[in-house]
Amino acid sequence: MELFNLKGKIALVTGSTHGLGMAMAMGLGKAGATVIINGNSSQQKIDDAVKEYQKEGIKVFGYKFNVTDEAQVKQAINDIQTEVGPIDILVNNAGIIKRTPLEDMEVADFREVVDVDLVSPFIMSKHVVKSMIARKQGKIINICSMMSELGRNTVGAYAAAKGGLKMLTQNMATEWAKHNIQVNGIGPGYFATSQTAPIRVEGHPFNDFIISRTPAAKWGDPNDLQGAAIFLASKASNFVNGHVLYVDGGILATIGKPSNEN
Ligand code: GCO
């Protein structure tokens, strides 16, 4: 188990006051990492989340900043490195989605999705990687999506961003592997979170579709992502570079099946 031990490591997970980010950050904390959580909605949400992590015996610090604002990111990373220590593991998880047919989508909305889901991982990584290069070690994990590989009606901006994030992951790996920094991605399938709540309602056509389209025939539990996060954050992945690990219950393994087949 030493291979997966994160004791002594500092992990920053963006968008980790709830949902998949919280689940992955909890996993990293339970593997021994000191966890830095982030959100931008309210200090209260961050304070409440800190208490959740502490209940699990995790050493945790909370920082409120907007991952799309480079000045705020620079300041936050400086504060974290001064107050807690150098960041060993960065998980770029913060993301938004807007479900609108492309022909109806406002350009401003398209830009906002790309800004949060693609540009902010660049901003975060650009500023965290400097100390990783100096220390000749680091782990960066970009949270991709099924939409890094597949299109779907009404999520065109999100797919463009997540497809770009897969390629950005490969390029970060290309440029930074020589510094003993491993950059990889996690591609979640369909998980039970607040983001998917509107399309996960019992009897909603999309809910039935996902159950039939997923060989595991269920929505993922956010905790199903913890193993992948610990693996890509630990020594166990020291020769894994530019890989997107899909945790999707088999969605990408299949073209699906006729509705009358089990
Ligand atoms: C959607 C969903 C997806 C999932 C996830 C799949 O509207 O299709 O929100 O985008 O959240 O990204 O990997």
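The values are calculated or read from the model by the stated rules, or taken from the named source; none is laboratory data. Everything numeric here is computed off the predicted structure, so don't read it as measured data. Note that each Cβ is placed from the backbone with ideal geometry, even for glycine, and that neighbours are counted across all protein chains shown. With ligands, DNA and RNA removed, areas are computed over all heavy atoms of the protein, side chains included. Shrake-Rupley method; radii C 1.70, N 1.55, O 1.52, S 1.80 Å.
Of the solvent-accessible surface of the chain, computed with a 1.4 Å probe and all protein chains present, 54% belongs to carbon and sulfur.
Per residue, how many Å² of accessible area does region 1-130 show with a 1.4 Å probe? Show your work: numbers first, answer last.
Values: 6090 Å² over 130 residues.
Solvent-accessible surface per residue comes out at 47 Å².
For region 139-180, the per residue solvent-accessible surface stands at 38 Å², with DNA, RNA and ligands left out and a 1.4 Å probe. Counting only DSSP H runs of at least 4 residues, each contributing -39500 (n - 2.57), and dividing by the residue count of the chain, the helix-based mean residue ellipticity at 222 nm comes to -12000 deg cm²/dmol.
Exceeding 26 Å between C-alpha atoms, which entries from my cross-link table qualify? They are K64/K218; K9/K126; K30/K139; K55/K166; K126/K162. Check vs 26 Å cut-off fails for K64/K218; K55/K166. Packing order of peptides 81-87, 164-170, highest average first: 164-170, 81-87 (average count of other Cβ atoms within 10 Å over each peptide's residues).
Within the set of other residues whose C-beta is less than 10 Å from the C-beta of D88, count the net charge using Lys and Arg as +1 and Asp and Glu as -1. Don't skip to the answer; put the middle values down first.
Details: positive: K9, R135, K139; negative: none.
The answer is +3.
How big is the shadow of the Cα convex hull of region 1-117, averaged over all directions, in nm²? Mean projected area of the Cα convex hull: 8.4 nm².
Taking the inverse of the mean 1/r over every pair of distinct Cα atoms in the chain gives a Kirkwood hydrodynamic radius of 18.7 Å.
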